[in-house]
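The values are calculated or read from the model by the stated rules, or taken from the named source; none is laboratory data. Fair warning: this is a prediction, and the values are worked out from it, not measured in the lab. Note that each Cβ is placed from the backbone with ideal geometry, even for glycine, and that neighbours are counted across all protein chains shown. Just the protein is used for accessible areas: all its heavy atoms, side chains included, with ligands, DNA and RNA removed. Shrake-Rupley method; radii C 1.70, N 1.55, O 1.52, S 1.80 Å.
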Protein chains: 4
Amino acid sequence: MQPLHGRQVAGHRVVAALLPTVFSQAPAALRAHIVRHQPRLVICVGQAGGRSAISLERIAINIDDARIADNAGRQPIDSPVVPGGPAAHFSTLPIKAMRAALLDAGITAEVSQTAGTFVCNHVFYALMHALATEPAFASTRGGFIHVPWLPQQGNPSMPLADLARGLRLALQVALTTDTDIRQAAGQLS
Amino acid sequence: MQPLHGRQVAGHRVVAALLPTVFSQAPAALRAHIVRHQPRLVICVGQAGGRSAISLERIAINIDDARIADNAGRQPIDSPVVPGGPAAHFSTLPIKAMRAALLDAGITAEVSQTAGTFVCNHVFYALMHALATEPAFASTRGGFIHVPWLPQQGNPSMPLADLARGLRLALQVALTTDTDIRQAAGQLS
Amino acid sequence: MQPLHGRQVAGHRVVAALLPTVFSQAPAALRAHIVRHQPRLVICVGQAGGRSAISLERIAINIDDARIADNAGRQPIDSPVVPGGPAAHFSTLPIKAMRAALLDAGITAEVSQTAGTFVCNHVFYALMHALATEPAFASTRGGFIHVPWLPQQGNPSMPLADLARGLRLALQVALTTDTDIRQAAGQLS
Amino acid sequence: MQPLHGRQVAGHRVVAALLPTVFSQAPAALRAHIVRHQPRLVICVGQAGGRSAISLERIAINIDDARIADNAGRQPIDSPVVPGGPAAHFSTLPIKAMRAALLDAGITAEVSQTAGTFVCNHVFYALMHALATEPAFASTRGGFIHVPWLPQQGNPSMPLADLARGLRLALQVALTTDTDIRQAAGQLS
């Protein structure tokens, strides 16, 4: 997201911020940004080695299950992101419309059914839980996008210019399209 | 499961039944079997081409999103399995203990974070929703296992003898081990 | 290659031509182009679904083994491309230098050890065999590049603009760099 | 192969031996075994992480290109296995008949077009080059089989019992079937 920081997209200003890859710190850091900027839209972005497309995550699940330690040396196994929280939260982004726009623009994109069980999913769940449960965030939509490696990092990968163009387009669609997750209305209302 | 039908495992008799690959029929067919047999444990099994391990599914999500039609010609897109149901239900099987036992027995096994969005996930969600919400099923545990192709069907695959041995062992562990999904207690109680 | 047709690269004019996906016709069609244009360099390009990088093929092997029929309905099984020809020919392109240049330019690239056993490898072998055995082609270098799907065709894929940029850069490096396949000298001299 | 050491297969005694994963030592070690035992058949076996089937290698290529160092700390890049040797040698095993027999026995098997460019391919090429060029080995057939990880090592994998059964069957077919690589006759005669 860094290349988009400060840019205007669909009448909104993009604020990009880096979160620590630390289970115990990332949600609070994200929350501080949300409280400060009062965004219309929150899209978290993480890198997923092995994926070859911009992955629009559909659902965050209430579990941490780390195969490696985070940057603070912690490795939670089968513990909830939010004790007592629901098993999962759906993204409230229009992921199908985003995928269609990306493909139309010649950028590989897919809807993904799992954001994993590491810090990415942890942040995603914490975000969606806050948006779903705190009245102050009632009009904020959110979601998560996984991106491939850069070409220098390995294969499969996606060039940085395509990533930046893809994320910009994803933001634009998310800001101008109603959610297409039909069940979201039923479940969140 | 067919090779295990009628067999005794950990003091219980295995009943194997085939469900139709039809969104609108599979849950009711499964429910009829549960009502008739009052099982201690319900494990649904489906085949997942492209997977190379016995996949112990962690979570069922409340969405149908079919890329192809089911056997009745229906292809639901982004519709809920159970309107108004929670976004997801966790398996109540001891999936980590099952994985460990399978690996110890020399059978490739993994925990999977997605059962997809086709009939398999539909059945899995319907099962877990019924077990979680209907008092008659309060003491029944359930989950879903995806298995690879057979060698004759393509690659990756798993020989039938290993599949049968693996499913038998999975049943045995599930019948003799408490669930290790720590958050399950918190969420379902 | 079509987007590069007629363009100048490193002082040479690009001629792009489409070959039929037919075992019995493609080599002769390629040969006619080579005889007419007397190229400095011949790079054949084919699409390989499932690959996520621009694949610089290292070696063509003397076998046809088709899992599906070609566009003329022929499906050779375990028959040689050139009866009596050597088991394989190495590409005479500087594939390592090409890979490095592509990665530096932010385009995913890899050296591949197999061009398969379908029409792509058939054309590749026929090309390299002609270049290696016919004195008229003694100063012509050649090779094969597999490219991913376009984003509209499936995942993994590569945007058309990156493909065109990557192929142009590959041509440029091939025209301005000596081969880096060290054994080539030993084997072809 | 260790589980098959000393066993009788199709009237022949199996000798299993471990080669060092060292470019400079493995061919000589293999050659010493061949000279001592005068085998009817030589099948080298290596493990290939990431493969999910017993892979019957079709062709050995005359190149070493190591991404990591061997067990002696050497990492050859783009150097020939045998300077001045042909670009490749085909396996002289009946790989299609072996694949069919394995699949019939319920064991995942495939024909592979590349044995890589590390020590496995190095040994394979050195073996086939010796068999093709030394009169003393004129009646010996040879080839290479890559096997998946064991389940304890990772996914994809194959249980040890299936591996042993598969290799035994592969030996049996190779000892009782004429080669089905049609071009082999043309090229080796």
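A compact table of results
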{"item": "Mean Kyte hydropathy of -1.0 or more with a Cα span along the axis of at least 18 Å, helices from DSSP in chain D", "result": "D:119-133, D:160-176"}
{"item": "Computed E for D:Q2/C:A136 - FRET, C-beta separation, R0 51 angstrom, nearest 0.05", "result": "0.40"}
{"item": "B versus D: buried accessible surface, summed, Å² (probe 1.4 Å, to nearest 100)", "result": "1200"}
{"item": "Modelled label reach - B:A10, point 7 Å along Cα→Cβ, segment B:83-112 residues with backbone N closer than 16 Å", "result": "B:91-105"}
{"item": "Leading residue at positive end of dipole, segment C:26-129 (Cβ point charges), from C:Q47, C:I34, C:M128", "result": "C:I34"}
{"item": "Modelled FRET efficiency - R0 30 Å, A:S79 with B:A164, Cβ distances, 0.05 increments", "result": "0.30"}
{"item": "Distance-filtered residues of segment C:116-148 - backbone nitrogen under 16 Å, label point 7 angstrom along C:R31 Cα→Cβ", "result": "C:122-138"}
{"item": "Cα gyration tensor, segment B:24-149 - rounded (a/c under 1.5), prolate or oblate", "result": "oblate"}
{"item": "Solvent exposure of segment B:43-189 as accessible area per residue, Å², 1.4 Å probe", "result": "37"}
{"item": "Rounded, prolate or oblate (a/c below 1.5 giving rounded, otherwise prolate when a/b exceeds b/c) for segment B:4-92 by Cα gyration tensor", "result": "prolate"}
{"item": "Segment B:128-163 versus segment C:1-41: alpha-carbon centroid distance in Å", "result": "53"}
{"item": "Relative contact order %, chain D, counting alpha carbon pairs below 8 Å whose residues are six or more apart", "result": "31"}
{"item": "Given charges at beta-carbon only (K, R positive; D, E negative), |dipole| of segment D:64-108 in Debye", "result": "140"}
{"item": "Accessible surface of segment B:1-130, 1.4 Å probe, proportion on carbon and sulfur as whole %", "result": "52"}
{"item": "Residues losing 10 Å² or more accessible surface upon assembly, segment C:140-162, compared with the chain by itself, 1.4 Å", "result": "C:P151, C:Q152, C:N155, C:P156, C:S157, C:P159, C:D162"}
{"item": "Only Lys, Arg (+1) and Asp, Glu (-1) charged, at Cβ; the protein assembly as shown dipole about Cα centre in debye", "result": "0"}
{"item": "Cβ charges +1 (Lys, Arg) and -1 (Asp, Glu), total dipole of segment C:73-189, debye", "result": "80"}
{"item": "Residues in segment B:61-78 occluded by at least 10 Å² - accessible area, probe radius 1.4 Å, against chain by itself", "result": "B:I61, B:N62, B:I63, B:D65, B:I77, B:D78"}
{"item": "GNM result for chain A, Cα springs below 10 Å: residue of A:A97, A:A109, A:A87 fluctuating most strongly", "result": "A:A87"}
